[in-house]
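Written below as structure tokens is the structure these notes are about.
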Amino acid sequence: MGKLNIGIILGSTRQGRVSPQVGKWVKKIGQQQEDANYEILDLADYDLPFLGTGTGQERGIIAWKTKLASLDGFVFIVQEYNHSLTGALKNALDSAYEEWNDKTAGIVSYGSTGGARAAEHLRGILGELSVATVRANPTLSIFTDITKSKVFQPADYHTNYVAEMLDQILSWSRALKTVRKS
């Protein structure tokens with residue numbers, strides 16, 4: 001079947017965000033397994049207009065949909081803001097539909113409660129986009145895994161849980177790839 005292509009989506013566009021550090025860490029863990037190609041997708045690199053304010057044919061939307069269509073699965077790096085996911089991520093999710101269908105996603109979340117509320121909100125949205133989410137959900141604490149100067153320093157035990165999540169993503173992505181081909 002060949003290597004799968006997995007996109008690691010950074011769910012924040014804020015200045016000073018930690019998601020690029022978390023995304024690089026997840027990518028490094030994935031690359032050690034050598035079962036897939038991992039690519040970081042930074043929402044800040046796509047000029048996505050707010051849903052309903054454009055024609056849907058803007059360059060950013062076309063580039064976003066094209067990139068999503070080329071992927072077999074996703075890892076969402078989700079930070080909890082106001083007990084939910086960011087507006088930028090919600091807008092990116094809503095800016096495509098078929099490109100998400102019959103694919104798999106894992107969620108790495110962080111926040112004061114490990115980002116659990118944002119992860120659960122995201123699961124509901126992904127279900128409506130026909131994305132199967134895996135059970136493993138590494139949760140990172142802003143109190144123990146991120147320093148006050150916003151340096152990401154995860155506890156060692158998180159690495160195994162991320163690897164487990166990636167294994168689940170790859171298993172489901174292989175299975176769902178056959179659904180997309182039929």
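The values are calculated or read from the model by the stated rules, or taken from the named source; none is laboratory data. The structure displayed is predicted, hence computed values, not measured ones. Quick reminder, even Gly has a Cβ in these numbers, built from the backbone with ideal geometry, and neighbours come from all protein chains shown. Only protein heavy atoms, including side chains, enter the accessible area calculation; ligands, DNA and RNA are left aside. Shrake-Rupley method; radii C 1.70, N 1.55, O 1.52, S 1.80 Å.
Here E99 passes the criteria (1) surrounded by fewer than 21 Cβ atoms within 10 Å (Cβ to Cβ); (2) out of contact with any helix residue (DSSP H, G or I) (no Cβ under 7 Å at 6 or more places or on another chain) except the one numbered (2). Pairs are defined by a Cβ separation below 9 Å, a sequence spacing of at least 6 or placement on different chains, a first member in the range 143-161 that is at negative phi, and a second member that is open to solvent by 100 Å² or more (accessible area, probe 1.4 Å) and not in a loop (DSSP other than H, G, I, E, B); the pairs so defined are F152/K24.
Among the residues in the range 80-100, are any farther than 30 Å from K150 by Cα and aromatic (F, W, Y)? Yes: one or more hits. Could you tell me which residue of the range 14-48 is modelled with the lowest pLDDT, considering only residues that are of a type in the set (S, T, N, Q) and out of contact with any strand residue (DSSP E or B) (no Cβ under 8 Å at 6 or more places or on another chain)? So, considering only residues that are of a type in the set (S, T, N, Q) and out of contact with any strand residue (DSSP E or B) (no Cβ under 8 Å at 6 or more places or on another chain), the one modelled with the lowest pLDDT is Q33. In the set A69, A88, A136, only one residue is modelled with pLDDT of 95 or more and open to solvent by less than 30 Å² (accessible area, probe 1.4 Å); that residue is A136. Of all residues assigned to the range 52-63, none qualifies as being open to solvent by 60 Å² or more (accessible area, probe 1.4 Å), outside any strand (DSSP E or B), of a type in the set (G, A, S) and touching a residue at least 12 places away in the same chain (Cβ under 8 Å).
What number of residues within the range 72-85 satisfy the criterion of being in contact (Cβ under 8 Å) with a residue 24 or more places away in the chain, assigned to a loop (DSSP other than H, G, I, E, B) and either open to solvent by 20 Å² or more (accessible area, probe 1.4 Å) or not acidic (D, E) (or both)? Total meeting the criteria: 3. Residues of the range 139-182 that are open to solvent by less than 60 Å² (accessible area, probe 1.4 Å), of a type in the set (A, V, I, L, M, F, W, C) and more than 20 Å from K27 (Cα to Cα): A175, L176.
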